[in-house]
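These notes concern the structure reproduced below.
Every read-out reported here was derived from the displayed coordinates using simple, explicitly stated rules and does not represent laboratory data. This one's a predicted model, so the numbers in the text were calculated from it and none came from an experiment. Glycine also receives a Cβ, built like all others from the backbone with ideal geometry; neighbour counts cover every protein chain displayed.
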Ligand SMILES: Nc1ncnc2c1ncn2[C@@H]1O[C@H](COP(=O)(O)OP(=O)(O)OP(=O)(O)O)[C@@H](O)[C@H]1O
Ligand SMILES: O=P(O)(O)OC[C@H]1O[C@H](OP(=O)(O)OP(=O)(O)O)[C@H](O)[C@@H]1O
Ligand SMILES: O=C(O)c1cccnc1
């Protein structure tokens, strides 16, 4: 459970809007906000949702301390004391529905739906986006890496290059959800129960008179499962021969060398030659670990070159999502009750991709009962009855004139209740279960949607009712109404 005080982990404009609502007496109006993203990252065919555990911890711990209130009182806005008093009583008392972590998700689907007093639902926008955007991005990047690594072991090595400490540990957790096997970060291991693993650095070799002495001493100190870094001076000329020498001495004492690590040079050539040398010396079970700015493309390339690498250590490229540093998820008002019940709201924009989908919504995954595969996702208004087997008319928002009716399907609602009246209504799954669930999710999708390069787009359609509402609201605004 998050213990840090995070109420001020928000943009000032949220507090200013809360203040203005409070001044105008509209702060108790009920509102529905939805978090979603518009575009898949990395050109991938899907994203892996992550961040919900921390969002739940944040929501449950949300309150202002006296120090935080004093800081707000000092602001140039000169918030009235009665507003500060209102914040002193602040708790999140609304509802949250969200997609479970590890779920494969797609653009425009509500992933987190927040319903409650606008005073409360407005405050949490910044933090929810901060958590869900980063963790979903890293889980998706990790999933791409896992796709190419297959059954090879994947170690997360990113902490030293991560965008500060929170990113390191929550990124390690997101990577584990998506199929990484271990992290080098002990705090992530301790806090989340992720297996922690480590080899040694060049500094260990440099700190000794000779490479052989360094290897011997390391193996003497840590004889079980030692992995030696062989590229400090000359990988094939000294590193691998010295590692073989230590492997022999360990074996004489009844132990086995676990692995060697390559961290520079041509990893395909060096791994194949190292494998040959180790095999010839009678050590076919010594594993070869590789690192050095790896990502999914280099790993795929190395595999195509026949690299003899069993374990991949991946740091910078994963933890910083180097090729796309932000997911771009947004949190938009979908409906508000101004006194006469919920009214859907829409936001138009010069950029047609940015027009919001009005009304409180939910998302269903439509499974084909014959194959078990997902046939598409379906966005509908929350107030609509769940699809229950009757022929389902689906509208593709890019081609609304194309008629598509699905006759055989099973609809699984993606959003699940998390909070009601500010209280947790279900225990969140543990990390191992989330990791397993993610694998089950992958199995629902046909390979063309999962492939790394030019994936086949997965259909996300609208219910006729949602489509009608959206088009009518757009027309109304364009006709000068609102
Ligand atoms: N056979 C290969 N095919 C494709 N990419 C490779 C191959 N071998 C290594 N790479 C990748 O090429 C990049 C640069 O490798 P290089 O050996 O030049 O690293 P370096 O860090 O510049 O070298 P050093 O660590 O010796 O200074 C790294 O991202 C590495 O993972
Ligand atoms: O390359 P990444 O994917 O980011 O993986 C992490 C890197 O961190 C270490 O290098 P560093 O030079 O920091 O330390 P070292 O002295 O142990 O090599 C390690 O050797 C990896 O190369
Ligand atoms: O254990 C390792 O080999 C390791 C850990 C962090 C970064 N690079 C390598």
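Worth a mention:
- Built from the Cα atoms of the stretch 1-84, the convex hull projects on average onto 7.9 nm², one quarter of its surface area.
- Looking at the stretch 414-482, the pairs of alpha carbons with a distance over 14 Å make up 78% of the total.
- The packing ranking of peptides 158-166, 107-115, highest mean first, is 107-115, 158-166, where packing means the average number of other beta carbon atoms within 10 angstrom of each residue.
- Angle between the chain longest axis and helix 431-443 axis [Cα atoms, degrees, rounded to 10]: 80 degrees
- Using just its DSSP H runs of length 4 or more, each adding -39500 (n - 2.57), the chain gives a mean residue ellipticity at 222 nm of -11000 deg cm²/dmol after division by all residues.
- Cα gyration tensor shape of the stretch 383-455, rounded if a/c is under 1.5, else prolate or oblate by comparing a/b with b/c: oblate
- Axis of helix 240-252 versus longest Cα principal axis of the chain: the two differ by about 80°, to the nearest ten degrees.
- Simple label model, 7 Å out from Cα along Cβ direction - residue 71 to residue 23, nm: 2.3 nm
- Residues 467, 190, 312, sorted so that the one with the fewest Cβ neighbours within 10 Å comes first: 190, 467, 312
- Taking the longest Cα principal axis of the chain as reference, the axis of helix 267-280 is set at about 40 degrees.
- Note on 10, 136, 199: ascending count of other Cβ atoms within 10 Å places them as 10, 199, 136, the fewest first.
- Ranked list, fewest to most other Cβ atoms within 10 Å of each Cβ, for 336, 309, 434, 260: 336, 434, 309, 260
- The chain, relative contact order in percent, only Cα pairs under 8 angstrom and at least six apart counted: 20 percent
- Entry note: the chain has Rg to Rh equal to 1.06, where both radii use alpha-carbon atoms and Rh is the Kirkwood radius.
- Look at where the Cα atoms of the stretch 384-419 and of the stretch 157-187 average out, and the two centres are 37 Å apart.
- Shape call, the stretch 328-445: gyration tensor on alpha carbons, a/c limit 1.5: oblate
- Percent antiparallel among DSSP beta bridges (both partners in the chain, rounded to 5): 70 percent
- Global geometry of the stretch 199-308, whether rounded, prolate or oblate, following the gyration tensor of its Cα atoms and the 1.5 cut on a/c: prolate
- Span from the the stretch 295-355 Cα centroid across to the the stretch 254-275 one, whole angstrom: 34 Å
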